[in-house]
Structures are given as C-alpha cells and as structure tokens.
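Peer 1: The structure's right below; bear with me while I get my questions together.
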Amino acid sequence: TVFFMDIRTFGKEFDRYFARAEARARLHFRRCMLSTVKEAPSGDLTLFYTDEGGRHRAEAFDLLVLAVGFGPPEEASELAQALGMDLTPLGFPATQPFAPLAASRPGIVLSGAFREPKDIPETVVEAAAAAGMAVRWLGRPEPAPEPAEVEPRPWDEEPPRVGVFLCDCPDLQEALPLDRLAEAAQGLRDVAWVEKVPALCQDGAWDRLVQAVEQRKLNRVVVGGCSPREVADDLAGMARRTRLALACTEAVNLREQVAWLHPGDGEGALAHALEALRMAVGRLRRVPDLRRTTQPTAARGDLAAPTAAVLVVGGGLAGMTAALALAEWGIPVHLVEQEPVLGGLLRRIRRTPDGREVRPFLEDLVRRVEAAEGLTLHLGTRLVRTEGEPGRYRSLLRGPGGEEAWVDHGAAIVATGGREGETSRYLRGRHPRVLTQLELEERLAEGTLERPGLVAMVQCAGQRGQERAYCSRFCCTEAVKNALALKERFPEAQVAIFYQEMRTYGFHELLYRQAREQGVLFVRYEPGDPPEVREGEDGRLQVTARDPVLGEVLRLEADWVVLSTGAAPGDHAPLAEALGVSLDGNGFFQEVHPKMRPVDLARPGIYVCGLAQGPRLMDEVMVQAWGAAARAAAFLRRVPKVPATRVVVNEKLCSGCELCVRACPYDARRVDLETRRAYVVQSLCQGCGVCAVVCPNKATQQVGYEHAAVLAAIDGAL
Ligand code: SF4
Ligand code: SF4
Ligand code: SF4
C-alpha cells in the first residue's frame, strides 16, 4: 500500500507508469493525511491516518518504507564556504538569473541533486550540460585520440568457440531463471564457455569478458542482457581489445525483448531466452569472414570527410541556447527557424516562476545569437530532407522564397518546440472570459485584465486523459506563478485553483506554499469528475466542482476562468520523417532511453531538446539545450574517419545486372562502367539491406546479416 497526498508523476510517460502500477492487483494507492506510526506488541507497525472522507483509520504493516526525498548534502555548507559560493536558505547552492547551472561565484558550475532534487533524466542531461559549460571557460580542448584501428583476427579458419555471457542484474534475475538458462546454453553446439557476469552496465564488468575470451580462446561472443544499443559501445570496446571482429559478437536483448514480454512467467521467459540465444549462437557459428571475398567499399575513395558543424532546427529558447553554446565552443552552427523571427513560445512568456522579467533576457539572447561568430541563421526556412550518415549529414533547406540550399553538418539538434495546448471544454472558445494561462500572463503584463473579483483556474484542462493523455509538467507551477502575480497586482482578488494534483515540484513547492499563505484557494477534483464551467443568465461564469474531501459541491461565480492547457507537440511528423527518427505516442520526439539517454534520438548524432522532446519549464529547457549541445559536440569529436561498412560486393559473383542500382532507395549503388561490377557509395548507404535482398547472385552481402548466418539463425529458432 502506498500512502500519498499527491502523485507527482510529472516526468515524460510517468503517468502511464503510474497507471500500470495502479492497475496491478495487490498494489494499493491511498490518498490520505498521515498522523503517526506506533509499534504494536507483536512488532507490527500501525499506521494512523485520515482518509479522503475525513475518517480516522489505522492499519498494521510488517515494514514501513519512507519516501524521505532529498536534502542538501551534509558537507554542502563546508564546500560552499571553501569554494566561496552562496547557499539558499534551503541549503542548496544559489544560482544566477537565467543561468540555472551557474553558481553565485563565476566559474563554478553546478549539477545534479546537489543543485536541486531531481530525477535521473534531468541529472544525466545536467551532467552533460555542466561539462559543456566548464569546457566553455577552459577553451576547446584538443580532440581525444581515436582508438587505434585494430585489424580483427581471421576467424573462419578455426572451429567456432562461442562464449555466452549473461548479465546477472536484478532485473533479469527477477524475470528469468538465469542458472537454468546458463545450463541450457552450455548444451548449444560450439558453445565453449558460459558465464553469468554481475551487471554488465557496471564499471569493469567488460574486463571479465576480455579475460574470459583470452583464457578460454573464444572466437565468438554472445552477450545476453540489455538492448544491443545499450551495450554497443562496450561490446565494440571488448571486441577491439580481444581483436575479435564485431561480426563475431552478438548482443541478445533479454530485457525488453524477453523478460518484459513474460511478466510473472519465468518458464515462458526461459524458453524465449533460450530460443534467442540459439539463434545468436547459430548465426555466429556460420558468420563468414567477408574480407576474403570482398573489397572494403571505403577503398573507392567516395567518403566525404566528417563535417564539424551542427544543424540546429528551431529558433526558440532551446534552439538558441544550444546554437549559442556550440558557437561559443567554436563549432560552426546552422540555426534554422521556420518563422521570420527568433524566440518561439518564449515570446509569450513574460515572467519566470520566481518573478523575473523574461523580455530583456530574450532580447539579449536574440542579440547574442545574431552576433555569434560561426553561427549562420536561416530564418523563414524549413528542413526538407536529410541525407548521409552520422558525422557526414547534409540537409536540404527551403528558404522563405522557396529557394533551396544544401548544408553539410556532422550532427543535428531538434529544438522545434511546441505550442500551447488547447481544449474544447470549459467554454473555451465560446466565452471571452475563458483564457489559457499564457493569455492571462500576457494580459497581466500588458495591463489589459480588468480588476477581477474572483479568478478560477482549472488545472489539467484538456490533459491527462482528456484531449491529451500526458501531464505537461509545468502548468501547475505556471498556475501558481500567475495566481501570485494576480495577488500582487490585485491584492483583493480571490483566486481558486481546481486541481487533480499540484505538481509544483522541486523548489517550486515554495511558490505553492506562498500561494496558500496569500489566500489562494486550492480545491481538488477527481479525474473522472472535473469542474463544470457554465455561463449564467447574467453572462457571468459559474464554476461547479465536487470536493472529494468534503463530499460537497462547491459553486463559485468567476469573473475569469483560466485553463491550464499545458503544451502540445508541434507538427513534428514531416521533420521526423526527413531526419529518419521517431515520435512517441504523444507526438513528441522519441529519445533512445528516457532515463539514460534522454536527449539522444535513434539516429546517431541527432539530439533533441526543449518542448520537442516533451513539455518542461524554462530553466529545464535551457539545461537540456546545453546538454544536447554538449552531446553533439562530443559526438563530432568521435566521428570515425572511415565509417563501418554496411554492405559489401563480391566482384567475382557480380554480373553487373544493376538490379541493386535500381532497388537502392538512397541512390548508393553504382556499377563501374569499366569493370561492369557493382559498388557501394559509402557516404550515401544507410545499410537498409535492400540491395542484398534483390541481388540474384548473392554477390551483395549485408554485414551482420550474411546469407549463411541468417539461415543459421533461422535454423536456431526452428
Ligand atoms: S496542471 Fe499541468 S502540470 Fe499540473 S498535473 Fe495537470 S497537466 Fe500536470
Ligand atoms: S540498398 Fe540499402 S544497403 Fe544497399 S547500398 Fe542502398 S542504402 Fe546501402
Ligand atoms: S544485383 Fe548483384 S549481381 Fe546485380 S549488379 Fe548488383 S551486386 Fe551485381
């Protein structure tokens, strides 16, 4: 049983996660006010609380787990004193206006929960952003030397000796009988070694694999654990260290593709996992060494050099912040904005939650972007198409007059923002005094709001299961900010906020408390029983809501109704298609991993920040933009001079029929006019494999999906 006051699952997809948890049998959520805990003579712990109906209750438990949250670290004040930086009254470091990571003392960058309590995705992004800021002060360091190219040892002259390594992490232990899986894997043909390795994502875990490959003379390696994308870098590092070809390694996704498909069904998961291992082992047993029969396509000399520039799409707060950061690091940037002016949604925001004027900051930001060296602005411009490969992208831009131009860039950042959400409920669009929070903010700033008697705010309007499924995360803080601004301007005005949960997280909780102290009335409503807004006969607005605590219906006459409609995604589909990346179920760009890689999109070298990834507050947008810029800059330094070969042609088998030339959707196939043999234009090839499928002579093979290996994998599954 989880006892709570407000469920603050405001992160991306967290509401869905909560809904899944709530649907589970034997997991109960209880909204209440806790009073005390007592130990019974039996040793049980009795919890006393007041439930939603105001009844006093007691329940006994074996174990009590307290969600105590975060406080500043004990040594914070000592550290602050040593570094000469200020702390806030809460004991966390003070930051500079519009620079959420900058400590009060210039030259000190803050990051993670030390700055403010936060979740994993924000911590990960903030770490990248902080590193980027520190680099700005230090000047741009020389690129780290690329790992030396290691020619993999030949492998198809010796009998296969396959090593199978299973990640022994708690996630998999819970879902799969790993010991039995290891035992079964031992019986697979040509498997010479099976080992469970404690958590492959931990430092040093891959050293064990290197050791085992050397000691056991393994020449093929299967790793069963997280997704192949998660382990790709470590797998490549292990292969390099042991001189194994990457083609001789395989990552089997035992988590998302096995364990998660069989919740509570260990036997089903075991059978599925064994099948996946059989396929992987089967493939590796038959994987051919293509070097014997083919020329590396890079030898054709068609490879463009990597481009050390970044394309930033979107000129709002996120795009401008990212572009400026990159320009300050000396990286050439193309900033593309479809509107004729910069600023995006930020042009409509007038104050930060802590009451600072946004306009002067915006004007200064635009000035700095316009003046930045190495930053090319493309206003009124859209991205039409992106070609090439990570590190060597080129994009076609269409300008305001329809003129088109190609730009080369090694990486890209999507910062296309979003728009204010809308709703058709609560008389929105049918009564002139029903506003959105942004409209209220604009009226307050422009002085066009008539003195109100009572303002009613409705939270989650059109959100969280209404027109949009998700929580926009920022609109509870926005509502409290506007309520305080109303109170400041019209102290006698009454403000009532109808809410499901107040998600004023982090330090914004202080604003919530301040609003309560200033007499703002907070009335909770149930998701299935939202307030009703009607127009009375006198034309005034009437708001009716059932208070679930008192069980009574509350009726108010309001001068204004203000709806917290949050944010909606822009029309991202054409851009996602042009870039070859995906959108999530809500229409925002889909990051690779919500916690560990929150600004990476699926295509390497393409990142996302700001509202394009999901709704968030202004300071979070800035941090995320810095994080995306830092990721893009780091990526550019790692672009290999020669990218991986994806398809190869055995010239002895090629008849020059040109079927592959006609089939290739990326115009990456040519036939040499002299030799009448096909070859691959490496810089255009996307590795889709179509050419390998259409080739009637099996002259083309896709690396990693060689004909013999694919058939062996299928055999393994049958
Ligand atoms: S008002 Fe906005 S931030 Fe608050 S709970 Fe609803 S959707 Fe989430
Ligand atoms: S068909 Fe696909 S794999 Fe083959 S050359 Fe073209 S892009 Fe590359
Ligand atoms: S389809 Fe095969 S045989 Fe025909 S040109 Fe292409 S590689 Fe050569």
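Peer 1: Could you list, in sequence order, the residues of region 660-680 that are crowded, with 19+ Cβ neighbours inside 10 Å, within 8 Å of ligand 2 (Cβ to nearest atom) and outside any helix (DSSP H, G or I)?
Peer 2: CYS664, ALA668, ARG669, VAL680
Peer 1: Could you tell me which of the residues GLY465, GLY519, GLY506 is away from ligand 2 (no atom under 16 Å from the Cβ), on the phi > 0 side of the Ramachandran plot and at pLDDT 95 or above?
Peer 2: Values: GLY465 fails: at pLDDT 95 or above; GLY506 fails: at pLDDT 95 or above.
So the residue among GLY465, GLY519, GLY506 that is away from ligand 2 (no atom under 16 Å from the Cβ), on the phi > 0 side of the Ramachandran plot and at pLDDT 95 or above is GLY519.
Peer 1: Scan region 536-554 for residues that are modelled with pLDDT under 95 and either in a strand (DSSP E or B) or of a type in the set (Gly, Ala, Ser) (or both) and jot them down. Break it down stepwise before answering.
Peer 2: The first filter runs over region 536-554 and keeps only residues modelled with pLDDT under 95, leaving 536-540, 546-554.
The answer is GLY536, GLY539, ARG546, ASP547, GLY551, GLU552, VAL553, LEU554.
Peer 1: Suppose we filter region 525-567 for residues that are surrounded by fewer than 22 Cβ atoms within 10 Å (Cβ to Cβ) and over 15 Å from TYR426 (Cα atoms); how many remain?
Peer 2: 12
Per-residue answers, yes or no, for (1) among the hydrophobic types (A, V, I, L, M, F, W, C); (2) in contact (Cβ under 8 Å) with a residue 24 or more places away in the chain:
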| site | (1), (2) |
| --- | --- |
| ALA493 | yes, yes |
| PRO530 | no, yes |
| GLU552 | no, no |
| ALA558 | yes, yes |
| PRO569 | no, yes |
| ALA578 | yes, yes |
| LEU583 | yes, no |
| MET596 | yes, yes |
| ASP600 | no, yes |
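Peer 1: How many residues are over 22 Å from PRO390 (Cα atoms), near ligand 2 (Cβ under 10 Å from one of its atoms) and in a loop (DSSP other than H, G, I, E, B) when one looks only at region 681-705?
Peer 2: Adding up the residues that qualify gives 1.
Peer 1: Right, another one. Based on what the data block shows, is PHE92 within 32 Å of the chain's Cα centre (by Cα) and within 26 Å of VAL358 (Cα to Cα)? If you could, list the steps in order and put the result at the bottom.
Peer 2: Details: within 32 Å of the chain's Cα centre (by Cα): yes; within 26 Å of VAL358 (Cα to Cα): yes.
When the stated conditions are applied, PHE92 passes them.
Peer 1: Another question, if that's okay. Working carefully through the options ARG55, ARG30, ARG20, find the one that is within 26 Å of GLU122 (Cα to Cα), of a type in the set (Lys, Arg) and either loosely packed, with under 13 Cβ neighbours inside 10 Å or in contact with a strand residue (DSSP E or B) (Cβ under 7 Å, 6 or more places away or on another chain) (or both).
Peer 2: Working: ARG55 fails: within 26 Å of GLU122 (Cα to Cα); ARG30 fails: within 26 Å of GLU122 (Cα to Cα).
Going through ARG55, ARG30, ARG20 in turn, just one is within 26 Å of GLU122 (Cα to Cα), of a type in the set (Lys, Arg) and either loosely packed, with under 13 Cβ neighbours inside 10 Å or in contact with a strand residue (DSSP E or B) (Cβ under 7 Å, 6 or more places away or on another chain) (or both): ARG20.
Peer 1: Also, quick follow-up: Name the single residue that is nearest to GLU591 (Cα to Cα) among those in region 393-444 being part of a loop (DSSP other than H, G, I, E, B) and hydroxyl-bearing (Ser, Thr, Tyr). Steps first, please.
Peer 2: As a first pass, look at region 393-444 and keep what is part of a loop (DSSP other than H, G, I, E, B): 399-403, 410, 415-417, 421-433.
The next check asks that each one be hydroxyl-bearing (Ser, Thr, Tyr); those that pass are 416, 423-424, 426.
Working: THR416: 15, THR423: 27, SER424: 30, TYR426: 34 Å.
Checking each candidate, the answer is THR416.
Peer 1: Which pairs do you get when a residue that is more than 18 Å from VAL258 (Cα to Cα), found in region 279-291, comes within reach of a residue that is in a helix (DSSP H, G or I) and charged (D, E, K, R), reach meaning Cβ atoms under 6 angstrom, with the pair 6+ apart or on two chains?
Peer 2: That search, which allows pairs on different chains as well, returns GLY282/ASP715.
Peer 1: Here's something else I'd like to know. Scan region 637-649 and give yes if some residue there is away from ligand 2 (no atom under 14 Å from the Cβ), touching a Phe, Trp or Tyr at 6+ places or on another chain (Cβ under 8 Å) and among the charged types (D, E, K, R), otherwise no. Quick ask: steps written out before the conclusion?
Peer 2: Start the filter on region 637-649 by keeping residues that are away from ligand 2 (no atom under 14 Å from the Cβ), which leaves 637-642.
Next, from what is left, pick out any that are touching a Phe, Trp or Tyr at 6+ places or on another chain (Cβ under 8 Å): none.
For region 637-649, residues away from ligand 2 (no atom under 14 Å from the Cβ), touching a Phe, Trp or Tyr at 6+ places or on another chain (Cβ under 8 Å) and among the charged types (D, E, K, R): absent.
Peer 1: Turning to a different aspect of this structure: Specify the residue that is nearest to ligand 3 (Cβ to nearest atom); the eligible residues are those in region 485-503 that are assigned to a helix (DSSP H, G or I) and more than 23 Å from THR544 (Cα to Cα). Outline the logic, then answer.
Peer 2: We begin by selecting, within region 485-503, every residue assigned to a helix (DSSP H, G or I); these are 485-489.
Of the ones still in play, those that are also more than 23 Å from THR544 (Cα to Cα) are 485, 488-489.
On the way: ALA485: 67, GLU488: 73, ARG489: 73 Å.
By that ranking, first place goes to ALA485.
Peer 1: Name every residue in region 154-185 that is under 24 Å from ARG292 (Cβ atoms), modelled with pLDDT under 90 and surrounded by 14 or more Cβ atoms within 10 Å (Cβ to Cβ), in order of residue number.
Peer 2: Those that are under 24 Å from ARG292 (Cβ atoms), modelled with pLDDT under 90 and surrounded by 14 or more Cβ atoms within 10 Å (Cβ to Cβ): TRP155, ASP156.
The values are calculated or read from the model by the stated rules, or taken from the named source; none is laboratory data. A quick note: this is a predicted structure, and the numbers were derived from the prediction, not measured. Every residue, glycine among them, receives a Cβ derived from its backbone with ideal geometry; neighbour counts consider all protein chains shown.
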